[in-house]
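Peer 1: Below is a structure I'd like to ask you about.
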Amino acid sequence: MVMLLAASVPLVTFAAPPGPDLKFPDPYAGKKKILIIGDIHTGAQIAHDGISHALGTLEHMGRESGAYVAFIRTDTQLVTKDEVFGTGDYAQGGPKQARARNLSYFDAVVFYTNGSPPLTDKQKQDLLSFVHDDGKGFVAVHTATASFYDWPEYADMVGGYFDNHPWNVFEAPVIVERPEFPGWQKLPQSFTMRDEMYQYRAPYSRDKVDVLASLDASKLDLTNKNVHRADHDFPIAWVRNYGKGRVFSSTLGHTDQSWDDPRVQTIYLEGIKWVLRMSDAEVKPHAAPAR
């Protein structure tokens, strides 16, 4: 029989949790910070499984390039200028010790949303003010334009609403309209890219946005019953000024494979850097090129 003898164990004590007024050092001080909201629970679910890879890729691109630090959330709690606290106990110190970030901490917000994620009227006002009045950035990824159909001011900020994807995922014929814009310089004037390309409706207007690239309508099946635009204008990415702030929007990023495409990664990285004012390309709304 083996006897286990009690050993002398030193007493370990733990310091009390920090009080709510204790200032923690910011490990990301001096860096650009973006808040990525990946919330599709009010929209299409299985169709957008690729959102996980999208968010992970966006976070990795920021760290690898050194351009920004990404905070990923699947809720909208931080989309506010008010103080944010957790709702549960934190180390027995109560919820007031679980302070979180708010919009004031970030330099840009990225939405990969669908449907109408929960935002109060105050949160909506704060997000618009964050861009329009504070001069911060906003990036709309893919289904972000298929979001908040009951909030027209949101679409005005982004630049347009989704209006179906007539060809679903396909080898899309792309024409670059702004080859000098960051992210597009090394691409040929025309090429194919496999992704789910959107059709847009009002408030989309070339008078309000600067289209960076669009689909070559001469190579599309325009007899498709879901084609609604008589002008056959199908942008895939644009930028715009919104008050003092900057907005970048793109249909790209539906599938896992598209996020593994170096072209898509570069387009989004440079789009994010542009809204962060790490580049200074001018916004130039223009008519659609002759097809």
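All of the numbers you see were taken from the coordinates with simple rules; none came from a lab. All of these numbers come straight from a predicted model, not from anything done at the bench. We place every Cβ from the backbone using ideal geometry, glycine too, and count neighbours over all the protein chains shown.
Peer 1: Mind checking the full-extension length gain between THR87 and PHE170? Use 0.36 nm per residue of separation minus the Cα-Cα distance, one decimal, nm. Could the numbers behind the result be given before it?
Peer 2: Numbers: separation 83, 0.36 × 83 = 29.88 nm, distance 4.47 nm.
The span from THR87 to PHE170 would gain 25.4 nm if fully extended.
Peer 1: Can you list the residues, at least 5 places off or on another chain, whose amide H is less than 5 Å from the amide H of TYR200, using H built in the peptide plane?
Peer 2: Amide H neighbours of TYR200, under 5 Å, 5+ apart: ASP163.
Peer 1: Turning to a different aspect of this structure: For the pair ILE72/ASP156, report the inter-label distance in nm, with labels modelled 7 Å from Cα in the Cβ direction.
Peer 2: 3.4
Peer 1: Using +1 at the Cβ of each Lys and Arg and -1 at the Cβ of each Asp and Glu in the chain, identify which of PHE24, TYR149, ALA290 lies farthest towards the dipole's positive end.
Peer 2: After comparing all options, I get PHE24.
Peer 1: Also: When the Karplus curve 6.51 cos²θ - 1.76 cosθ + 1.60 is applied with θ = phi - 60°, which whole-Hz ³J(HN,Hα) does each residue of segment 227-243 get, with x for Gly and Pro?
Peer 2: Those phi angles translate into 6, 10, 8, 5, 7, 6, 9, 10, x, 10, 6, 8, 10, 7, 8, 10, x Hz.
Peer 1: Kirkwood Rh, the chain, all Cα pairs: how many Å?
Peer 2: Values: mean 1/r = 0.0485 Å⁻¹.
It is 20.6 Å.
Peer 1: Which whole-number percent gives the relative contact order of the chain, counting Cα pairs below 8 Å spaced six or more residues apart? Show your work: numbers first, answer last.
Peer 2: Numbers: 556 pairs, mean separation 52.3, N = 291.
This gives 18 percent for the chain.
Peer 1: What list of ³J(HN,Hα) couplings, whole Hz, do you get for segment 194-211 from phi and the Karplus terms 6.51, -1.76, 1.60, once you set θ to phi - 60° and write x for glycine and proline?
Peer 2: 8, 5, 9, 9, 8, 9, 10, 10, 3, x, 4, 7, 5, 6, 10, 10, 9, 6
Peer 1: May I pose another question? In terms of modelled amide H atoms, which long-range or inter-chain residues lie less than 5 Å from the amide H of GLY86?
Peer 2: It is ALA98, ARG99, ALA100, by chain and number.
Peer 1: With 31 Å as the limit, write out which pairs from LYS33/LYS122; LYS32/LYS186; LYS33/LYS225 have Cα-Cα distances beyond it, or answer none. Walk me through the numbers before you get to the answer.
Peer 2: Numbers: LYS33/LYS122 22 Å; LYS32/LYS186 25 Å; LYS33/LYS225 43 Å.
Going by Cα-Cα distance, LYS33/LYS225 fall outside the 31 Å limit.
Peer 1: Testing the spin-label approximation: label points 7 Å from Cα along Cα→Cβ at LYS244 and TYR149. State their distance in nm.
Peer 2: Modelled inter-label distance: 3.5 nm.
Peer 1: Sort 67-74, 158-165 by packing, meaning the average of other beta carbons within 10 Å per residue, with the highest value first.
Peer 2: Values: 67-74: 18.4, 158-165: 20.8.
Top of the packing list down: 158-165, 67-74.
Peer 1: Using Cβ contacts closer than 10 Å as the measure, can you line up ASP134, ASP75 from fewest to most? Present the calculation step by step, with values, prior to reporting the outcome.
Peer 2: Working: ASP134 16, ASP75 12.
If I rank by nearby Cβ atoms, fewest first, I get ASP75, ASP134.
Peer 1: So, in nm, how far is label ALA290 from label ARG101 when the simple model puts each one 7 Å beyond its Cα toward the Cβ?
Peer 2: 4.9
Peer 1: Additional query: How much length would be gained if the chain were fully extended between LYS219 and ASP260, taking 0.36 nm per residue of separation minus their Cα-Cα distance, in nm to one decimal?
Peer 2: Stretched fully, the LYS219-ASP260 segment lengthens by 12.2 nm.
Peer 1: Given R₀ = 51 Å, what would the calculated FRET efficiency be for ASP231 paired with ALA29, taking r from the Cβ atoms and rounding to 0.05? Write out the running numbers ahead of the final one.
Peer 2: Numbers: r = 48 Å, r/R0 = 0.95.
Efficiency for this residue pair is about 0.60.
Peer 1: Related question: Less than 9 Å Cβ to Cβ from TYR68, Lys/Arg counted +1 and Asp/Glu -1: what total charge do the surrounding residues give? Working shown, then result.
Peer 2: Numbers: positive: LYS31, LYS32, LYS33, ARG63, LYS273; negative: ASP107.
With Lys, Arg at +1 and Asp, Glu at -1, the net is +4.
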